[in-house]
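**Q** Here it is, the structure in full.
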Amino acid sequence: MDKLREAYEAVRGRVLKLRDVETGVWAGELASSALGTALSVTALGNGDKSDRALSVAGAEWLITHVNADGGWGDTSESPSNLSTTLIVRAALSQQRGLMGAEACLSASGVWVLERTGSASSEANVRALRGIYGSDRTFAVPILAYVAMCGEDDRAWLSVPSLPFLLSLLPQGLYRFFRLQVVSYALPALIAVGLCRHVCAARARGKLVWGRWFACPLLRRLTALQPQHGGFLDAIPLTAFVCLSLRHAGYGEHAVAQKGLAFLRQAARRDGSWAIDSNLRTWVTSLAVRAVWGGSVPAKPEARNWKLDAGGIDDAQRVAKWLVKTQLKAKHPFTGAAPGGWAWTELPGGVPDADDTSGALLALRRLKDIGSKTDTSGTVRGGVRWLLELQNSDGGMPTFCRGWGRLPFDRSCPDLSAHALAALAAWHDVSPLAAKAMERLARYLERAQAKDGRWMPLWFGHQDVQDGRNPVVGTARVVDALRQAEVWSEALGVGGIRNKGEAWLVARQREDGGWSAGNVSTAEETALAVIALTDGGAACEEAVRRGCAWLVANWEAGAASPAPIGLYFALLWYHEKMYPLVWTLEALGRNINRLSGD
């Protein structure tokens, strides 16, 4: 117990130290991305002297961070994958004069050949289809980018088309067309689709009829682009748009120029780029639970909160920031109504179910510890936003209700459970909440596997063949169900929660940690401990062993982040706040329990 308390205080001190001094919230730090870096290297490579300097620095970073097998992964800790390796190879083909570039191109060429069987464009198409199936969201931009960097215009004939003209239709009609791209990818649908059409028509010597629609398409892109230029605040997506416009003949358009400005300011000192600017709203919501946490909240009449960090003034600063960052107008990108939260407060963020649920739960926690910030209107708007997002199957999608069946647009268990907990915490705000919660509970029953597990959408494990992570999925759902039960006993989810708990207990590793792969991680272990805390006698020993693993991991200085996060288009990432905030919450919720106090 002494070691547990020491570790808890040390982790808490680290988390508090990482707050932004001016706002009192947490920005976190995403992993550098080989893919984002490669795309930025090419996008800026034809610019002025300063742009070329950024491009060279990025290329040198890529050369330095090649894997031993000759390929590249999504993070420096990730195994090589085909998508990233194809993109980095294409980027370095434009930088052959740099020391080490030719050696990297040679080694990576062998790596690609071993996996595709041929150096042809058709082989790349077949290989990427095996990865992404019918989802063209990422496969087509990759192939288009490789064609851009090549010297044979006939490569464009192997790039599948995109229905870019459908972007001119009203947003409400998109779901009827079964688009082969997901909702967040509209800029890529427009820019890459137009570019592929123009370049393929040139290669065939055919009429480029798509140019007749260039003006309305560019107006649509302009309307979708945030003021700072970064679509979704995403480096890869913004770079794809800039490059596609350049190769389609519109490189001087304001959309392309604003996108390049965004890429310039996103460059890191070491020469790399991440996949996104930050997850400030998301990690702040997680940190609220950890810093001002403890046990699962009691019912209103039985709360006995202990403010254990920072003081009430700090809590109120965070509450005010969350109120301020709620989206107050219809979002131009997805058409989402006001009331939601994005993963970041920056202009490129798009409201989504997970971040909205996280913000609502954080505001509940801050109110319960004594924050006097008026959140009544904010909460009503957030609850209404979630209610309107709910799919017809009872579950929650990420961005848009009923858009389609591709990833990130269909209902999923972890987002649905998170929304259930948020609605339960504020169940008295709307008379419609009870019915929505009942539908969410029934959806989670149907989504649970026979053995008790749930699969998440936004998290996975890169060392598992299918990339899925039932440890994170089950832990997130079990934790959310327990939170929801505190506020609404009538939900009747105890049975599926118990099955989820039993699955987690059975999957604990011999060393006391958890992982969907072969090595326990701080993220997965902490989430499992959080989920099993207060789970009864059957979970007690698993929680104790899990806490011991977390303490030993912290003492060994091994609390580095693991790439378990899944970004758009199945890109792996890690976030340095994840192991810290989840370890803090897991230990904090068990200090008094395990000591018998």
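All of the numbers you see were taken from the coordinates with simple rules; none came from a lab. Everything numeric in this text was worked out from a predicted model, so none of it was measured. Reconstructed Cβ throughout: ideal geometry from the backbone, glycine too, with neighbour counts over all protein chains shown.
**Q** What is the packing order of peptides 328-340, 269-281, taking the mean over residues of other C-beta atoms within 10 Å and listing the highest first? Write out the running numbers ahead of the final one.
**A** Details: 328-340: 17.2, 269-281: 22.0.
Descending mean neighbour count gives 269-281, 328-340.
**Q** Using the beta-carbon distance between residue 203 and residue 52 and R0 = 41 Å, what value does 1/(1 + (r/R0)^6) give for FRET efficiency, to the nearest 0.05? List each step's numbers first, then the result.
**A** On the way: r = 29 Å, r/R0 = 0.70.
Efficiency, rounded to the nearest 0.05: 0.90.
**Q** Given Cα pairs under 8 Å that are at least 6 residues apart, what percent is the relative contact order of the stretch 32-274? Each step should come with its number before you reach the end.
**A** On the way: 357 pairs, mean separation 54.5, N = 243.
Normalised by residue count, the contact order of the stretch 32-274 is 22 percent.
**Q** Check residue 412: other-chain or 5+ apart residues with amide H under 5 Å from its amide H, H built from backbone geometry?
**A** Excluding prolines and chain starts, which carry no amide H, the hits are 396.
**Q** Using amide H atoms built in the peptide plane, which far-off residues or other-chain residues are under 5 Å from residue 276 H to H?
**A** Hits under the 5 Å cutoff: 235.
**Q** Something else about it: Which angle between 0 and 90 degrees, to the nearest 10, do you get for helix 376-389 versus the longest principal axis of the chain when only C-alpha atoms count?
**A** Rounded to the nearest ten degrees, it is 60.
**Q** Report the trypsin sites (Lys or Arg not before Pro) located in the stretch 185-236 that are in a DSSP loop and have at most 16 other Cβ atoms inside 10 Å of their Cβ, or state none. Display every interim value, and only then the final one.
**A** On the way: sites: 196, 202, 204, 206, 211, 219, 220; in loops: 206.
In loop regions of the stretch 185-236 (DSSP not H, G, I, E or B), the sparsely surrounded trypsin sites (Lys or Arg not before Pro) are 206.
**Q** Round to the nearest 0.05 the FRET efficiency obtained for residue 14 and residue 466 when R0 = 35 Å and r is the Cβ-Cβ distance. Mind dumping the intermediate values first?
**A** Working: r = 34 Å, r/R0 = 0.97.
The computed FRET efficiency comes out at 0.55.
**Q** If you rank 56, 383, 519 by fewest surrounding Cβ atoms within 10 Å, what's the result?
**A** Details: 56 17, 383 25, 519 11.
By the 10 Å Cβ count, ascending: 519, 56, 383.
**Q** Would you mind ranking 65, 197 by Cβ crowding within 10 Å, fewest neighbours first?
**A** Numbers: 65 18, 197 22.
Ordered by Cβ neighbours within 10 Å, fewest first: 65, 197.
**Q** Please state, as a whole number in µm²/s, the translational diffusion coefficient that the Stokes-Einstein equation yields for the stretch 32-274 at 4 °C and 1.567 mPa s, with Rh defined as the Kirkwood radius across alpha carbon pairs. Don't skip to the answer; put the middle values down first.
**A** Numbers: Rh = 18.0 Å.
Estimated via Stokes-Einstein, D reaches 72 µm²/s.
**Q** Also: For a protection proxy built on the mean count of beta-carbon atoms within 10 angstrom, sort 46-55, 341-350, 248-257, 361-370 highest first, please.
**A** 341-350, 361-370, 248-257, 46-55
**Q** Can I ask one more? Which order, highest average first, do 451-461, 233-243 follow once you tally other Cβ atoms within 10 Å for each residue and take the mean per peptide? Spell out each step's value before the answer.
**A** Details: 451-461: 21.2, 233-243: 28.8.
The peptides rank, most packed first, as 233-243, 451-461.
**Q** Show that you can apply the helix-only estimate: for the chain, add -39,500 (n - 2.57) for every DSSP H stretch of four or more residues, divide by all residues, and state [θ] at 222 nm to the nearest 500.
**A** Counting only the DSSP helices, I get -17000 deg cm²/dmol.
**Q** On to the next question. Relative to the present Cα-Cα distance, how much length would full extension add between residue 228 and residue 558 at 0.36 nm per residue of separation?
**A** Values: separation 330, 0.36 × 330 = 118.80 nm, distance 3.69 nm.
Contour length minus the Cα-Cα distance gives 115.1 nm.
**Q** Right, another one. Report, by chain and number, residues whose modeled amide H sits under 5 Å from the one on residue 567, excluding near sequence neighbours (fewer than 5 apart, same chain).
**A** Hits under the 5 Å cutoff: 572, 573.
**Q** Along Cα→Cβ, 7 Å out, is where each label goes; now give me the distance between the ones at residue 129 and residue 213 in nm to one decimal.
**A** Computed distance between label sites residue 129 and residue 213 equals 2.4 nm.
**Q** What is the local net charge at residue 82, summed over the other residues whose Cβ is closer than 14 Å to its Cβ (Lys, Arg +1; Asp, Glu -1)?
**A** Details: positive: 89, 115, 126, 129; negative: 69, 74, 114.
So the environment of residue 82 carries a net charge of +1.
**Q** Could you work out the local net charge near residue 156, counting Lys and Arg as +1, Asp and Glu as -1, over the other residues with Cβ closer than 11 Å to its Cβ?
**A** Details: positive: 154, 196, 202, 204; negative: 152, 153.
Residues near residue 156 contribute +2 overall.
**Q** If you take the Cα Rg of the chain and divide it by 2.2 N^0.38 Å, with N the number of residues, what do you get?
**A** Numbers: Rg = 24.1 Å, N = 597, 2.2 N^0.38 = 25.0 Å.
Compared with the compact-globule rule of thumb, the chain sits at 0.96.
**Q** Around residue 108, under 10 Å between beta carbons, what's the net of Lys plus Arg minus Asp minus Glu among the other residues? Before the final figure, lay out each step's value.
**A** Numbers: positive: 89; negative: 69.
Around residue 108, the surrounding residues sum to 0.
**Q** Right, something else. With a Förster radius of 35 Å, plug the Cβ-Cβ distance of residue 537 and residue 374 into 1/(1 + (r/R0)^6) and report the FRET value to the nearest 0.05. Walk me through the numbers before you get to the answer.
**A** Details: r = 42 Å, r/R0 = 1.21.
In this case the efficiency is close to 0.25.
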